[in-house]
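J.: Below: one structure in structure tokens.
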Amino acid sequence: MIDHEKQIYTLMTNALKEQFDNIQTTNQKLRFYNETYPVVSIVQTNNYELEQSRSFDNNHTLHMEEYEIEIQSDKDMNEIKDIMNQIDISMHQLGYIRIYCGLDNQDKETKLKRLMQYKTAL
């Protein structure tokens, strides 16, 4: 199994801190977070292999990785959208495709929060 969770977390944290001075990152869900804002949670939610996957030239094993990224602010939605834009740029540069961007349906109480999900095949 290939696992890039630590590398993705470190690369994303560095990219976000270059753009946003006071941003915090965590590798835990934000449900119980109550420190400083803005904050971004970067969590690998799935990592699995598709054996005997077919490609144009041969059979090989595909490694799938999925990430869930939560963004929360105590300022406004413009700050969240700026952070979301930087996350999207960085994840696309790393080869990930966004599969969801919107409200966190499990957290209906927090208004200034968004959820993004990404997936890739290696």
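J.: At 1.4 Å probe size, with every protein chain present, just tell me what the per residue accessible area of the chain comes to in Å².
T.: 63
J.: By what distance, in whole Å, do the Cα atoms of the chain stretch along each of the three principal axes, largest value first?
T.: 51, 30, 21
J.: Further question on the same structure: Rolling a 1.4 angstrom probe over the protein chains, ignoring ligands and nucleic acids, what is the accessible area of Asp104 in square angstrom, nearest 10?
T.: Approximately 20 Å² of Asp104 is accessible to the 1.4 Å probe.
J.: Moving on to the next point. Given labels modelled 7 Å from the Cα in the Cβ direction, how far is it in nm from Tyr37 to Lys75?
T.: Computed distance between label sites Tyr37 and Lys75 equals 1.2 nm.
J.: Against the longest alpha carbon principal axis of the chain, how many degrees, from 0 to 90 and to the nearest 10, is the axis of helix 5-19 turned?
T.: Long axis of 5-19 versus the principal axis of the chain: about 40 degrees.
J.: Still on this structure: On C-alpha positions alone, give me the angle between the axis of helix 77-93 and the longest principal axis of the chain, in degrees, nearest 10.
T.: Taking Cα atoms only, the helix is inclined about 20 degrees.
The values are calculated or read from the model by the stated rules, or taken from the named source; none is laboratory data. It should be emphasised that the depicted structure is a prediction, and the values quoted were computed from it without experimental measurement. Note: ideal-geometry Cβ built from the backbone for every residue, glycine included; neighbour counts use all protein chains shown. Note: areas computed on protein heavy atoms with side chains; ligands, DNA, RNA excluded. Shrake-Rupley method; radii C 1.70, N 1.55, O 1.52, S 1.80 Å.
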